[in-house]
1. Considering only residues of segment 137-155 that are in contact with a helix residue (DSSP H, G or I) (Cβ under 6 Å, 6 or more places away or on another chain) and within 16 Å of the ligand (Cβ to nearest atom), which is farthest from residue 182 (Cα to Cα)?
2. Would you call residue 182 more than 15 Å from the ligand (Cβ to nearest atom) and touching a residue at least 12 places away in the same chain (Cβ under 8 Å)?
3. Scan segment 305-334 residue by residue and report those that are closer than 23 Å to residue 246 by Cβ and charged (D, E, K, R).
4. Please list, ordered by residue number, the strands (runs of 3 or more DSSP E) wholly in segment 1-119 having 1 or more residues that are closer than 22 Å to residue 158 by Cβ and either hydroxyl-bearing (Ser, Thr, Tyr) or without any contact (Cβ under 8 Å) to a residue 40 or more places away in the chain (or both).
5. Name the residues in segment 124-136 that are in a helix (DSSP H, G or I) and more than 10 Å from the ligand (Cβ to nearest atom), would you?
6. Taking the residues in segment 208-245 that are within 9 Å of the ligand (Cβ to nearest atom) and among the β-branched types (Val, Ile, Thr) as candidates, determine which candidate is surrounded by the fewest Cβ atoms within 10 Å (Cβ to Cβ).
7. Tell me whether segment 231-250 contains one or more residues that are closer than 24 Å to residue 52 by Cβ, in contact (Cβ under 8 Å) with a residue 40 or more places away in the chain, outside the structural domain of residue 321 (by TED's automatic domain parsing) and in a helix (DSSP H, G or I).
8. Please indicate, with yes or no, whether at least one residue in segment 150-161 is in contact with an Asp or Glu (Cβ under 6 Å, 6 or more places away or on another chain), outside the structural domain of residue 31 (by TED's automatic domain parsing) and not in a loop (DSSP other than H, G, I, E, B).
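The values are calculated or read from the model by the stated rules, or taken from the named source; none is laboratory data. Being a predicted model, the structure only gives us computed values, none of them experimental. Here the Cβ positions follow ideal geometry from the backbone for every residue, glycine too, while neighbour counts run over all protein chains shown.
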Amino acid sequence: MTDVTQIVLCKRPAGDVTADCFRQESVELAAPGDGQVLIRSRFLSLDPYMRPRMTELRSYTPPFELDKPLTGGSVGEVVESKNPRFAKGDTVIGMLNWATHTLHDGKGLRKIDPALAPLSAHLGVLGMPSFTAWYGIRHICKPKAGETVFVSAATGAVGQVAGQLAKLAGAKAVGCASDDDKCRWAVREAGYDACFNHKTEHDAGAVLDKLCPQGIDADFENVGGKIFHAVFERLNNFGRVAFCGAISEYQDTAPMAGPPKMFTIVQRRLTIQGFIVSDHVALMGEFVSEVGGLVRDGKLRSRETVVDGLAQAPAAFMGLLKGENFGKLVVKVA
Ligand SMILES: NC(=O)c1ccc[n+]([C@@H]2O[C@H](COP(=O)([O-])OP(=O)(O)OC[C@H]3O[C@@H](n4cnc5c(N)ncnc54)[C@H](OP(=O)(O)O)[C@@H]3O)[C@@H](O)[C@H]2O)c1
């Protein structure tokens, strides 16, 4: 038996997520059965997609179950194994519980080399968010030299990579974030041409007219809502939108509204493509070789926010939905 601390979803949020949606509890886990591994979590990734999963609405992933531990992309260490693919001491990445330990059947679990990079990087700049940015830029935005690419949540886990990949393709990159420090980092460290603070600049359209005088050729959309509507109006002919997410609307109880002038899609021959990164795992090798190389050569900067201790996960997650993280948000579990 192993003593485990875990965090369960005990109430579905209506509107903003509140602390009483979570309950921390202690349980005992039995030793692994045939095919199972017992994993000790080291880092847990907190991601915006977890918010829609807290509701019962149909989505591309099933809802979290009430009174069961939440789950998330995590890096951990195998402490006991009855699965021939894994041995005690292996470092693994996969979906684990918001818990100190998880009993796992090995499906979707992958060994990683802990010497390759800091463990948390496998959840960020070398992991799913970065792969998302790479897919959206390479396969949907397809920026060309001289074009203008807009990225919302420009310094977040996905956005920071999307903007840098757009720049590396020779495009102009413009972004927005919720505070001046983030905007300064976007320009000075990530190489964006410009980044505006969407909390203090209330007229996004006017700022975009100033920062993108040639219009916008591609939009990497992370936020949705009124910023997206302003970007949409400024898309050039044959503009592309990689619709990655709409975090500004995840806590809304009303249905998401589209931009008012939808016929613009026809007039300007726009491509607006939603995508889910997990549909594209076949391209993972290509991503790793390209982006892994950029990280190794110091050509891709990244920021992360590391929160210490599993007990902090609920507050950190609520903060993510208000822009309190700077870069990839991870919890150091052990
Ligand atoms: N399609 C896919 O396969 C896929 C995969 C991964 C992520 N995503 C999506 O990509 C987007 C970014 O995810 P991420 O992991 O990189 O998260 P993140 O950007 O690291 O963190 C979320 C950021 O969103 C911004 N934000 C939060 N609430 C907001 C609000 N009400 N209005 C405007 N901005 C708000 C904040 O940035 P600021 O402080 O800068 O405003 C916050 O830091 C999300 O929409 C997510 O759902 C999609």
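1. Only one residue fits best here, namely 137.
2. Against the criterion (more than 15 Å from the ligand (Cβ to nearest atom) and touching a residue at least 12 places away in the same chain (Cβ under 8 Å)), residue 182 does not qualify.
3. Once the filter is applied, which keeps residues that are closer than 23 Å to residue 246 by Cβ and charged (D, E, K, R), segment 305-334 yields 322, 324, 328.
4. Filter on segment 1-119 gives 37-45, 71-81, 91-97.
5. Within segment 124-136, 134 is the sole residue that qualifies.
6. Within segment 208-245, the match that is surrounded by the fewest Cβ atoms within 10 Å (Cβ to Cβ) is 227.
7. So far as segment 231-250 goes, yes, one or more of its residues are closer than 24 Å to residue 52 by Cβ, in contact (Cβ under 8 Å) with a residue 40 or more places away in the chain, outside the structural domain of residue 321 (by TED's automatic domain parsing) and in a helix (DSSP H, G or I).
8. Taking every residue of segment 150-161 in turn, at least one turns out to be in contact with an Asp or Glu (Cβ under 6 Å, 6 or more places away or on another chain), outside the structural domain of residue 31 (by TED's automatic domain parsing) and not in a loop (DSSP other than H, G, I, E, B).
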